[in-house]
Structure formats: structure tokens, C-alpha cells
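The values are calculated or read from the model by the stated rules, or taken from the named source; none is laboratory data. It should be emphasised that the depicted structure is a prediction, and the values quoted were computed from it without experimental measurement. Cβ placement follows ideal geometry from the backbone for every residue including glycine, while neighbour counts extend to all protein chains displayed. The protein model used for the area step is the full one, side chains on, heavy atoms only, and it has no ligands, DNA or RNA in it. Shrake-Rupley method; radii C 1.70, N 1.55, O 1.52, S 1.80 Å.
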Amino acid sequence: MGQQREASTAIGSFGDFTLAPVSPPGAQQLSQWPSGISDEQLAGRVAEIIATTDLMTITKKQVRQQIMAYFGMSSDEEKARREHINQCITTELEMRQASA
């Protein structure tokens, strides 16, 4: 009757699954990439390139090449992050089209 049950899981765990720590919104996260470039930095650079380039003459590949040159990113890292960079390009173009 007066027995206390001992908790079988630690805080931050659920059964056999341990929850990863969550950073608060706006917290600076360390990049896991060799270049140290965050996804936010890539998105910002994509926005700068699109804002200052004739969109009728540039390709996604050329945007990626400019990013590689700007940040000194290796081709292996560019290949690994290509999908994210392309998504940044698409998102930026959609935002500009919506505001036009």
C-alpha cells in the first residue's frame, strides 16, 4: 500500500530509445560538415546570389559552384548537401515569385 514504484526509465528516455537533446529556437548549432558551414549560412548565400544574378541565365549548378567557391567547400561536401542547396534555391525562388 505505501510502496513507491521506482522509475524504470531515465529522464529523456522512452523505453530503449534515448531522446536527443533539443536546442532552443535561435540557438547557434555547430555544423557537422567539414567546412563548418551551417544550413542557415547556405540559405543566406543562396538568397544573396539569387538577388544579384540574372535568373534567366544562371542554373542551379552554377549557384552551387558559386557557393563552393565562396565557402571553399569540397566537391564531396557539395554532393552530400546538393539536395539541401537545391531546396534552398527553390524556396528562395518561390518566395520571390510570391512577393512579385
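What accessible surface, in Å², does a 1.4 Å probe find on Ser74, ignoring ligands, DNA and RNA and rounding to the nearest 10?
Near enough 60 Å² of accessible area.
Could you derive backbone 3J(HN,Hα) for segment 84-97 from the dihedral phi with the Karplus parameters 6.51, -1.76 and 1.60 (θ = phi - 60°), listing whole Hz in sequence and x where the residue is Gly or Pro?
5, 4, 4, 5, 4, 4, 4, 4, 5, 5, 5, 5, 5, 5
I'd like the FRET efficiency for Glu94 and Asp54, computed as 1/(1 + (r/R0)^6) with the beta carbon distance as r and R0 of 30 Å, rounded to 0.05.
Step by step, r from the Cβ atoms, then E = 0.95.
With every protein chain left in place, what is the accessible area per residue of segment 38-100 in square angstrom, probe 1.4 Å?
It amounts to 65 Å² per residue over segment 38-100.
Please work out how much accessible surface Thr53 shows to a 1.4 Å probe, ignoring ligands, DNA and RNA, in Å² rounded to 10.
That residue has around 40 Å² of solvent-accessible surface.
Using each residue's phi in segment 39-44, evaluate 6.51 cos²θ - 1.76 cosθ + 1.60 at θ = phi - 60° and report the 3J(HN,Hα) Karplus result to the nearest Hz, with x for Gly and Pro.
4, 5, 5, 4, 4, x
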